[in-house]
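Chemist: This is the structure I have questions about; it appears just below.
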Number of protein chains: 2
Amino acid sequence: MSIPLVETSFLSTLGAVATDIESLLDRLQAQGRAEGEIARPDRLLEAMRFASLGGGKRVRPFLVVATAALFGVPRERALMAGAALECIHCYSLVHDDLPAMDNDDMRRGRPTAHKKFDEATAILAGDSLLTFAFDILARPETHPDPAVRIELVTALARASGIGGMAGGQMLDLAAEGRFAGGKPQQLTESEIATLQAMKTGALLQFAWLAGAILGGTTAAQRKAVEDYGRALGEAFQIADDLLDVEGDAATVGKPTGKDAAAGKATFVGVLGVARARARLAALVAAAEKALEPFGQQASLLKAAAHFVAERQT
Amino acid sequence: MSIPLVETSFLSTLGAVATDIESLLDRLQAQGRAEGEIARPDRLLEAMRFASLGGGKRVRPFLVVATAALFGVPRERALMAGAALECIHCYSLVHDDLPAMDNDDMRRGRPTAHKKFDEATAILAGDSLLTFAFDILARPETHPDPAVRIELVTALARASGIGGMAGGQMLDLAAEGRFAGGKPQQLTESEIATLQAMKTGALLQFAWLAGAILGGTTAAQRKAVEDYGRALGEAFQIADDLLDVEGDAATVGKPTGKDAAAGKATFVGVLGVARARARLAALVAAAEKALEPFGQQASLLKAAAHFVAERQT
């Protein structure tokens, strides 16, 4: 079976972004120190690098780059915003894997940060990656106009803090009844939608928003990108849940079936596999439709929607 | 014994800043949500508020306000920067207190966040406060000029990340030999100076720097403020170490004697109490001298130096 041309182009672009993000994060997290820093202690730098280099598909940075390209943003700027976003994503994995959170030993086929180092180092490495994300966004290389950079800072803070990702993790823990005296809750479909929009969707939404902010877009363009993003964000989470139910641990790179075992609130749990698959297809169609105003230029983002929905890892 | 006039003025200003910071952090961490946030989950908001309200002398925000006042900065702007700095300080206490870090049950006479809530909630509350600090700095209320706000973001990220506070915590854990197979290290005086400049000094240095950035100061003024800050930062840490050795647990609000028991690297441990006291006095004198160019206007900051050196809690 031949691979369609747009998919080939998508995969090679995804790979190219991953390569560039790897080398950018490697350079930004070099030994030595930036102006205003006192020193970069070896062990902490090693743990940050372990948590952020050498793995991952870099889907989020790809989405920044692909959206930014729609608006003619220089690739180097999109990569900086993508690197900042990836630091947030990686910090969240490190803290999520901690014994007090999901207690995972393996991640992407490697030991998790607290297994490779120790818990205290993992906590500090997560904190440092989170902090570093804002350092990256604030640099002139991200955009020459400080007003654009500060808009990115606000958007990333809101996407990743209490009103976004961290808040979503809190809702997730509550749904599992993980507090003293707490019991697993049966969430409604709308509660699950809020939980997942925060836990997973908000960071993805930042990817598209960052492309639009860097590009200085019109309100209509931003609306189209946001509609695409909202649909794809939910699709991403459903695909993730389906992988946990149906995926193979060796391919996925971490144990599967954990969500059900932990009583996690997922769409798949509420809807069942067949209806979740149907919803996934509808979301991909909605994402494609939102991109219509951009015509042929958006083919990469359309391919991304299919990739997200159909990925096996 | 009568209290000198400047000290009265200092204490009332310190109190006034604490009141204003309390009400600002209360307002910023209200229910509801900011633009771009999806929701603020109750439990996480409650934990953030527990960790950042109702306690603390707010010394760091005071130093922002006092330095900013030297340069005619409107008080409301200095309070915003001070509130951001306090969020970083409070997050660091929450994460520091975790079982995998210092394992403290009490803080300011109250249970620590993970004791009051649970470990997972404490981790997320710390992450959220850290993220929120950058949200605060990025708001137009902090300064109308985005270039000033972005300079604050860079300065705070460098002061609190791997090259500042988080890096200092890493060095501190290493010095205690807290890793698998690690032994407590005998640090040299210069290694202790680096450790403490990062762990405690960097955030304090941000306080003075923020005042200078908000004020758009000349290089000479900024240098004077930095010299003051460097001396006072070290003084602050020595005073803290002396309190741990000599302080009374009920007054300090947490158990004392923990540093020595944990084999912590401190100046007092290396120099002994008498020489540490002499160094503290010399640092206060150096801090006062650095402020000479500002004359009478700097009396509040001079009083702050004495307060920091002589505090009993």
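The values are calculated or read from the model by the stated rules, or taken from the named source; none is laboratory data. This is a predicted model, so every value here is computed, not measured. Cβ atoms come from the backbone with ideal geometry, glycine included; neighbour counts cover every protein chain shown. With ligands, DNA and RNA removed, areas are computed over all heavy atoms of the protein, side chains included. Shrake-Rupley method; radii C 1.70, N 1.55, O 1.52, S 1.80 Å.
Chemist: Taking the stated definitions as given, is A:L70 more than 14 Å from chain B (Cβ to nearest Cβ) and either polar (S, T, N, Q) or within 18 Å of the chain's Cα centre (by Cα) (or both)? Step through it out loud before you land on a result.
Modeler: Values: more than 14 Å from chain B (Cβ to nearest Cβ): yes; either polar (S, T, N, Q) or within 18 Å of the chain's Cα centre (by Cα) (or both): no.
Answer is no for this residue.
Chemist: State whether the residues of region B:245-252 include one that is part of a helix (DSSP H, G or I), more than 9 Å from every other protein chain (Cβ to nearest Cβ) and open to solvent by less than 20 Å² (accessible area, probe 1.4 Å).
Modeler: Here is the first cut: in region B:245-252, the residues part of a helix (DSSP H, G or I) are B:245-246, B:249-252.
In the following step, the residues that additionally are more than 9 Å from every other protein chain (Cβ to nearest Cβ) were identified as B:245-246, B:249-252.
When the remaining residues are screened for being open to solvent by less than 20 Å² (accessible area, probe 1.4 Å), the result is none.
No, region B:245-252 contains no residue that is part of a helix (DSSP H, G or I), more than 9 Å from every other protein chain (Cβ to nearest Cβ) and open to solvent by less than 20 Å² (accessible area, probe 1.4 Å).
Chemist: Six or more apart or on different chains, Cβ under 6 Å: which pairs go from a residue in region B:17-35 that's within 14 Å of another protein chain (Cβ to nearest Cβ) to one that's open to solvent by 50 Å² or more (accessible area, probe 1.4 Å)? Could you list them?
Modeler: B:Q29/B:R49
The rows are residues; the columns are (1) polar (S, T, N, Q); (2) open to solvent by less than 50 Å² (accessible area, probe 1.4 Å); (3) not in a helix (DSSP H, G or I).
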| site | (1), (2), (3) |
| --- | --- |
| A:V270 | no, no, no |
| A:A274 | no, no, no |
| A:L280 | no, yes, no |
| A:L283 | no, yes, no |
| A:A287 | no, yes, no |
| A:F294 | no, yes, no |
| A:S299 | yes, yes, no |
| A:A303 | no, yes, no |
| A:H306 | no, no, no |
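Chemist: Show me the helices (runs of 4 or more DSSP H) entirely contained within region B:110-164 in which 2 or more residues are touching a helix residue (DSSP H, G or I) at 6+ places or on another chain (Cβ under 7 Å) and of a type in the set (A, V, I, L, M, F, W, C). Break it down stepwise before answering.
Modeler: Values: elements: B:113-116, B:119-137, B:146-160.
Once the helices (runs of 4 or more DSSP H) in region B:110-164 are filtered for at least 2 residues that are touching a helix residue (DSSP H, G or I) at 6+ places or on another chain (Cβ under 7 Å) and of a type in the set (A, V, I, L, M, F, W, C), what remains is B:119-137, B:146-160.
Chemist: Then there is this: Any idea which of (1) open to solvent by 20 Å² or more (accessible area, probe 1.4 Å); (2) at the interface with chain A (Cβ under 7 Å from one of its Cβ atoms) is the one B:I123 doesn't satisfy?
Modeler: Of everything listed in (1) open to solvent by 20 Å² or more (accessible area, probe 1.4 Å); (2) at the interface with chain A (Cβ under 7 Å from one of its Cβ atoms), B:I123 misses just condition (1).
Chemist: Find the residue count for region A:156-196, including only residues that are open to solvent by less than 40 Å² (accessible area, probe 1.4 Å), more than 18 Å from B:D127 (Cα to Cα) and within 7 Å of chain B (Cβ to nearest Cβ).
Modeler: 1
Chemist: Let me ask something else. Take the residues in region B:73-98 that are under 24 Å from A:A174 (Cα atoms) and in contact with a His (Cβ under 7 Å, 6 or more places away or on another chain); name whichever of them is nearest to the other protein chains (Cβ to nearest Cβ).
Modeler: My answer is B:L98.
Chemist: Another question about this same structure. Residues in region A:103-119: is at least one at the interface with chain B (Cβ under 9 Å from one of its Cβ atoms) and either small (G, A, S) or touching a Pro at 6+ places or on another chain (Cβ under 6 Å) (or both)?
Modeler: Going residue by residue through region A:103-119, those that are at the interface with chain B (Cβ under 9 Å from one of its Cβ atoms) are A:114, A:117-119.
Restricting the remaining residues to those that are either small (G, A, S) or touching a Pro at 6+ places or on another chain (Cβ under 6 Å) (or both) gives none.
No, region A:103-119 contains no residue that is at the interface with chain B (Cβ under 9 Å from one of its Cβ atoms) and either small (G, A, S) or touching a Pro at 6+ places or on another chain (Cβ under 6 Å) (or both).
Chemist: Also, I was wondering about something else. I'm trying to understand the selection: among the residues of region B:38-74, which are within 20 Å of B:P140 (Cα to Cα) and open to solvent by less than 10 Å² (accessible area, probe 1.4 Å)?
Modeler: To start, the set of residues in region B:38-74 that are within 20 Å of B:P140 (Cα to Cα) comprises B:61, B:64-65, B:68-69, B:71-74.
Correct list: B:P61, B:V64, B:A68.
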